[in-house]
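Chemist: Following this message is one structure expressed as structure tokens.
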Amino acid sequence: MIKKLIPDFYYKSIYEIPYNKLYEDGIRLILTDLDNTLISYKETMPNEKLLEWKRSLIDMGFEIVIVSNSRKDRVTNFADALGVKCVKFSTKPLKRGIKKAIKKRTSRKYNRNEIILFGDQLMTDVFGGKRCKLKVALIEAVDKKTDTFPTRFNRKLENFFLKKIKRKYPDRYSEVLKRYVEGTDDSKEM
């Protein structure tokens, strides 16, 4: 289980990701969390920078689907405003919501090696993506001060598992998770 909490990549922001490299590596579908990955919990609509981000990725040939654990209509409203499909109440780290996004919210069938999942939490996003055997990029939270209670709880739980990962997989910890814990970014692949 602990190995499934280790992401393939870590980035400070979705805007720092080398999308050209992902595309060269065959990635075509981006599954992304919403809250504190794309926007903070306080925000409800995409800003111009996010709209431009989406346009540039679509122009490159990516498809984007939001996969959120939130039940709120704000997920659907946000996805509609951004012009992408979504799965709300996805129950990450369970597989069902991620599988639904891949099978029912995309324009075509994708192989696992064509998919990456972006998220800001080890316990939901990284673990869920790894359980589905996907590549996963851990993204620094947009604004941790806006985290809801369940997310704050998950972040406390993360600390316990980060210590275990550091002991059991010191090389992998140093390559990616150390930067996450320390808040630095060299944006290396694992």
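Chemist: Is the stretch 95-104 home to any residue that is surrounded by 15 or more Cβ atoms within 10 Å (Cβ to Cβ), within 23 Å of Glu24 (Cβ to Cβ) and touching a Phe, Trp or Tyr at 6+ places or on another chain (Cβ under 7 Å)?
Modeler: Scanning the stretch 95-104 turns up at least one residue that is surrounded by 15 or more Cβ atoms within 10 Å (Cβ to Cβ), within 23 Å of Glu24 (Cβ to Cβ) and touching a Phe, Trp or Tyr at 6+ places or on another chain (Cβ under 7 Å).
Chemist: How about the stretch 114-129: which of its residues are touching a strand residue (DSSP E or B) at 6+ places or on another chain (Cβ under 8 Å) and part of a helix (DSSP H, G or I)?
Modeler: Glu114, Leu122, Asp125, Val126, Gly128, Gly129
Chemist: Of these, Ile17, Ile30, which one is surrounded by 21 or more Cβ atoms within 10 Å (Cβ to Cβ), closer than 18 Å to Glu140 by Cβ, at pLDDT 95 or above and out of contact with any Lys or Arg (no Cβ under 9 Å at 6 or more places or on another chain)?
Modeler: Matching residue, one of Ile17, Ile30: Ile30.
Chemist: Here is a further query. Tell me, please, whether a residue that is touching a Ser or Thr at 6+ places or on another chain (Cβ under 6 Å) and within 22 Å of Tyr15 (Cβ to Cβ) can be found in the stretch 97-119.
Modeler: Yes, the stretch 97-119 contains a residue that is touching a Ser or Thr at 6+ places or on another chain (Cβ under 6 Å) and within 22 Å of Tyr15 (Cβ to Cβ).
Chemist: Using beta carbons and a limit of 6 Å, which pairs, at least six apart or on different chains, have the first residue in the stretch 2-28 and farther than 15 Å from Ile58 by Cα and the second one assigned to a loop (DSSP other than H, G, I, E, B) and not small (Gly, Ala, Ser)?
Modeler: Asp8/Met190; Tyr11/Ile17; Lys12/Glu140; Lys12/Asp185
Chemist: Just one of Ile102, Ile98, Ile115, Ile165 is closer than 12 Å to Asp33 by Cβ and among the aliphatic types (A, V, I, L, M); which is it?
Modeler: Ile98
Chemist: Somewhere in the stretch 142-153, is a residue in contact with a helix residue (DSSP H, G or I) (Cβ under 9 Å, 6 or more places away or on another chain), modelled with pLDDT of 85 or more and assigned to a helix (DSSP H, G or I)?
Modeler: Among the residues of the stretch 142-153, not one is in contact with a helix residue (DSSP H, G or I) (Cβ under 9 Å, 6 or more places away or on another chain), modelled with pLDDT of 85 or more and assigned to a helix (DSSP H, G or I), which makes the answer no.
Chemist: Can you name every residue in the stretch 146-167 that is surrounded by fewer than 13 Cβ atoms within 10 Å (Cβ to Cβ) and in contact with a Lys or Arg (Cβ under 9 Å, 6 or more places away or on another chain)?
Modeler: Across the stretch 146-167, the qualifying residue is only Arg152.
Chemist: Only residues that are at pLDDT below 95, of a type outside the set (Asp, Glu) and under 14 Å from the mean Cα position of the chain (by Cα): list them for the stretch 33-68, please.
Modeler: Residues satisfying the conditions are Asn36, Ile39, Ser40.
Chemist: Hey, does the stretch 64-73 have a residue that's out of contact with any Pro (no Cβ under 6 Å at 6 or more places or on another chain) and within 20 Å of Glu16 (Cβ to Cβ)?
Modeler: yes
Chemist: Taking Ala137, is it over 15 Å from the mean Cα position of the chain (by Cα) and of a type in the set (Gly, Ala, Ser)?
Modeler: So Ala137 fails the test.
Chemist: In the set Thr76, Thr32, which member is in contact (Cβ under 8 Å) with a residue 40 or more places away in the chain and within 20 Å of Gly97 (Cα to Cα)?
Modeler: Thr32
Chemist: If you don't mind, there's one more thing I want to ask. Which residue, of Phe89, Phe62, is closer than 15 Å to Phe118 by Cα and surrounded by fewer than 19 Cβ atoms within 10 Å (Cβ to Cβ)?
Modeler: Of the residues listed, the single one that is closer than 15 Å to Phe118 by Cα and surrounded by fewer than 19 Cβ atoms within 10 Å (Cβ to Cβ) is Phe62.
The values are calculated or read from the model by the stated rules, or taken from the named source; none is laboratory data. These numbers were taken from a predicted model, which means no experiment stands behind them. Don't worry about glycine lacking a Cβ; one is built from the backbone with ideal geometry, like all the others, and counts go over all protein chains shown.
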